[in-house]
Structure formats: structure tokens, C-alpha cells
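**Student:** Below you'll find the structure I mean.
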Amino acid sequence: MASCPAIIEQARSRARSYWRADGIPALVRGFQTMFWATGIYMLGHGSHSRFWQELVFWLAICLDRGVVLSLKSRITYPRTGYVAPPPQFHATHDDFVLLRLNHNDLAAEPPSPGPKISLVGMVALVLAAYAAFLALVSLVGPRRIAVVLGAAGLFLTLYGAAKLLIYLRQNHGPAE
Amino acid sequence: MTPALQELASLDRTIHEPARLMIMTVLCAVSEADFLYLQRECGLTQGNLSSHLAKLEDAGYVFIEKGFKGKYPLTICSSTSAGRHAFREYVQKMQAWLDPRQEIGHKG
């Protein structure tokens, strides 16, 4: 028999893989990537109106975790149940409890707070990513980047759609 | 009866029951889960899960929030800090008792 911490880790990884099991996160991320690619292509082409460019970028920004959760609450949770999604940016108190369980160190010292990313760190990260992106655009050209991003987005979308179809085939209707 | 054997009787019986141990394991691994997810993970029937959850709730180990999402009933369960503490203590005791090195230590 596996020890309890191993079982907890298994339950935890099952909860994590459950987040991706229906293919919805991949589908949404795929659409998001394709919108980014379209926006970059429009930016590089320069012949499209500003309205359409802004619309595409806004669509890319709006397709976030909220959309995934809203789709999951309609498709996944009524069929196979709800489990809290994995944390996004910072580890929770429970993560540290489990971390200690995993290392067989169940001493009674109080749990330390999670390593939260500060606002300054986030801004620096975004700025660095933006600078790297601009450097890449000037080096390779926006159209090539758009094509590569678009292909990656299309692949993700197809992968997510296939996973969703398989999931829906395996789990027909919502459980009463 | 040796004191070590007597200590076995001090195990938390609320958690020690296999079905409740499964429920606590899942709930300690996630921050919250609904009834359907727990049922699928633990492989218990609705009635069985419901009665075990009620016992865990009575012991103050889980927090249950009942509601409706459209026409479907929605029961969200999460482990309380007392529940996590009791579970951790249970795991600690079991690990200590099952650890062969500790037995060698006693003999020595």
C-alpha cells in the first residue's frame, strides 16, 4: 500500500489533470493565441482599420480564465463534478501543508505564507516580456511571428476540440 | 498490553474508517470539491458518501455548503483547519507506527 502522502499527491495530481481533462482550457488558449496572431498580422500588414485591430486584441485579452470557468460550469461540472481549479499565481496555505506531508516532515511548526509575486515583480515581468516581444518582431518580422503563433493556436484549438469531443462522448448528460 | 499497542487505540476513529479516510485524503489534497467529484473519486454511492460526509461534518472536519446551480443540487465540500490538523496527526501516527526503524530503536 502506498503511504498517505503519496496518496495525497496522487489525489492532487488527479485534481490538476481534471482541469485539463475536458480540453476546454486548451481550446480557449488556442483561440486566444489565434486572436493574438491575427492582431499581430494586422499590425504588420497595416491595411486594416484601427477598430478591427483593437477588437481582435480585446478578444484575445478577454479570453481568459473566466471564460474557461464559465464554460466548465456549463459543460464539465454538471457531468463529472467540480473541484477547485489549481491556483494561478501563488501557493495557498494547503500547498504548504501538502509540501510538508510530501517530505515526511510533519512537524508542528506553523506554515509559512505562500511565495506571492509582488505587483512590482509582475509589472517588471510584463515589461520584460513586451521588450522581448518587440525585439523579436524587429528581428524576424511581425508576419512570420503571426504565422508561427497562428499555427500554434490552431494546433491547440484542434487538440482542445478533440479532447472535448472525447470527453463529451464519454460523459453524456449532466448527472442528476 | 504494551504502551505502544495501547497507543493504537488513540487513533482518530472518525478518520480511520476507510471511506472517510478516502474523503479526507481527497479534501486535504484540494481546496474544495463538490459531491459528484467526491463520489467519482472515492467510488462511493450517494447514500454512503452522504452519511460519511455528515459524520465528518459533525466532527468539524469538513465544511459543507449546500445550494442549487440551476435545477441541479450543488454540494461543495472543503476540509476545515481542524480536519486538516486531525488528518495530519493521523498520518503522523500511522507513519510512526509503521516505520520499521522505530521498532529497531525500541529494541536497542
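**Student:** For region B:73-80, check the following and say yes or no: at least one residue is within 12 Å of another protein chain (Cβ to nearest Cβ), exposed (fewer than 14 other Cβ atoms within 10 Å of the Cβ) and more than 25 Å from A:Ser13 (Cβ to Cβ). Working first, answer last.
**Tutor:** Initially, region B:73-80 is screened for residues within 12 Å of another protein chain (Cβ to nearest Cβ), giving B:73-80.
Narrowing further to those that are exposed (fewer than 14 other Cβ atoms within 10 Å of the Cβ): B:73.
Those left that are additionally more than 25 Å from A:Ser13 (Cβ to Cβ): B:73.
Scanning region B:73-80, I find at least one residue that is within 12 Å of another protein chain (Cβ to nearest Cβ), exposed (fewer than 14 other Cβ atoms within 10 Å of the Cβ) and more than 25 Å from A:Ser13 (Cβ to Cβ), so the answer is yes.
**Student:** Across region A:117-159, what is the number of residues that are over 26 Å from A:Leu43 (Cβ atoms) and in a helix (DSSP H, G or I)?
**Tutor:** Looking only at region A:117-159, we keep the residues that are over 26 Å from A:Leu43 (Cβ atoms), and these are A:117-121, A:159.
So of that shortlist, the ones also in a helix (DSSP H, G or I) come out as A:119-121, A:159.
Number satisfying all stated conditions: 4.
**Student:** When region B:7-21 is examined, which residues are found to be under 16 Å from B:Leu53 (Cα atoms) and not polar (S, T, N, Q)? Before you say what the answer is, go through the steps one by one.
**Tutor:** Filtering region B:7-21 for residues under 16 Å from B:Leu53 (Cα atoms) gives B:12-21.
Once the filter is applied, which keeps residues that are under 16 Å from B:Leu53 (Cα atoms) and not polar (S, T, N, Q), region B:7-21 yields B:Asp12, B:Arg13, B:Ile15, B:His16, B:Glu17, B:Pro18, B:Ala19, B:Arg20, B:Leu21.
**Student:** Could you tell me how many of the residues in region A:144-174 are modelled with pLDDT under 80 and out of contact with any strand residue (DSSP E or B) (no Cβ under 8 Å at 6 or more places or on another chain)?
**Tutor:** First, the residues of region A:144-174 that are modelled with pLDDT under 80: A:172-174.
Among the residues that remain, those that are also out of contact with any strand residue (DSSP E or B) (no Cβ under 8 Å at 6 or more places or on another chain) are: A:172-173.
Residues flagged as modelled with pLDDT under 80 and out of contact with any strand residue (DSSP E or B) (no Cβ under 8 Å at 6 or more places or on another chain) within region A:144-174 amount to 2.
**Student:** Here is a follow-up. So which residues in region A:12-59 are touching a Gly at 6+ places or on another chain (Cβ under 6 Å) and touching a residue at least 60 places away in the same chain (Cβ under 8 Å), if there are any at all?
**Tutor:** Result: A:Gly23, A:Ala26, A:Leu27, A:Gly30, A:Thr33, A:Met34, A:Ala37.
**Student:** Does region A:37-47 contain any residue that is within 16 Å of the chain's Cα centre (by Cα), surrounded by 20 or more Cβ atoms within 10 Å (Cβ to Cβ) and either of a type outside the set (Asp, Glu) or more than 27 Å from A:Arg169 (Cα to Cα) (or both)?
**Tutor:** Kept after step one, since they are within 16 Å of the chain's Cα centre (by Cα), are these residues of region A:37-47: none.
For region A:37-47, residues within 16 Å of the chain's Cα centre (by Cα), surrounded by 20 or more Cβ atoms within 10 Å (Cβ to Cβ) and either of a type outside the set (Asp, Glu) or more than 27 Å from A:Arg169 (Cα to Cα) (or both): absent.
**Student:** Sticking with this one: Just give me the residues in region B:76-108 being modelled with pLDDT of 90 or more and not in a helix (DSSP H, G or I), in sequence order.
**Tutor:** B:Ile76, B:Cys77, B:Ser78, B:Ser79, B:Thr80
**Student:** Moving on to the next point. With respect to A:Leu69, determine if the residue is within 14 Å of chain B (Cβ to nearest Cβ), among the hydrophobic types (A, V, I, L, M, F, W, C) and surrounded by fewer than 18 Cβ atoms within 10 Å (Cβ to Cβ). First the steps, then the outcome.
**Tutor:** Numbers: within 14 Å of chain B (Cβ to nearest Cβ): yes; among the hydrophobic types (A, V, I, L, M, F, W, C): yes; surrounded by fewer than 18 Cβ atoms within 10 Å (Cβ to Cβ): yes.
Taking the combined requirement at face value, the residue satisfies it.
**Student:** What helices (runs of 4 or more DSSP H), lying completely within region B:1-67, carry at least 3 residues that are of a type in the set (A, V, I, L, M, F, W, C) and modelled with pLDDT of 90 or more? Let's see the steps before the verdict.
**Tutor:** Values: elements: B:3-8, B:13-16, B:18-29, B:35-42, B:46-58.
Output list reads B:18-29, B:35-42, B:46-58.
**Student:** Just a yes or no: is a residue in region A:95-106 outside any helix (DSSP H, G or I), surrounded by 15 or more Cβ atoms within 10 Å (Cβ to Cβ) and either at pLDDT below 75 or of a type in the set (D, E, K, R) (or both)? Write out each step before concluding.
**Tutor:** Looking only at region A:95-106, we keep the residues that are outside any helix (DSSP H, G or I), and these are A:103-106.
Now restrict to residues that are surrounded by 15 or more Cβ atoms within 10 Å (Cβ to Cβ): A:106.
From what is left, the residues that are either at pLDDT below 75 or of a type in the set (D, E, K, R) (or both) are A:106.
Yes - at least one qualifying residue is present in region A:95-106.
**Student:** If a residue has to be facing chain A (nearest Cβ under 9 Å) and either surrounded by fewer than 21 Cβ atoms within 10 Å (Cβ to Cβ) or of a type outside the set (A, V, I, L, M) (or both) to count, how many in region B:23-44 make the cut?
**Tutor:** 10
**Student:** When you look at B:Gly43, is it within 14 Å of A:Gly81 (Cα to Cα) and of a type outside the set (Val, Ile, Thr), yes or no? I'd like the intermediate steps shown before the answer.
**Tutor:** Values: within 14 Å of A:Gly81 (Cα to Cα): yes; of a type outside the set (Val, Ile, Thr): yes.
Against the criterion (within 14 Å of A:Gly81 (Cα to Cα) and of a type outside the set (Val, Ile, Thr)), B:Gly43 qualifies.
The values are calculated or read from the model by the stated rules, or taken from the named source; none is laboratory data. Small disclaimer: the values here were computed from a predicted structure and weren't measured. Positions of Cβ are generated from backbone atoms using ideal geometry, with glycine treated the same way; all protein chains shown enter the neighbour counts.
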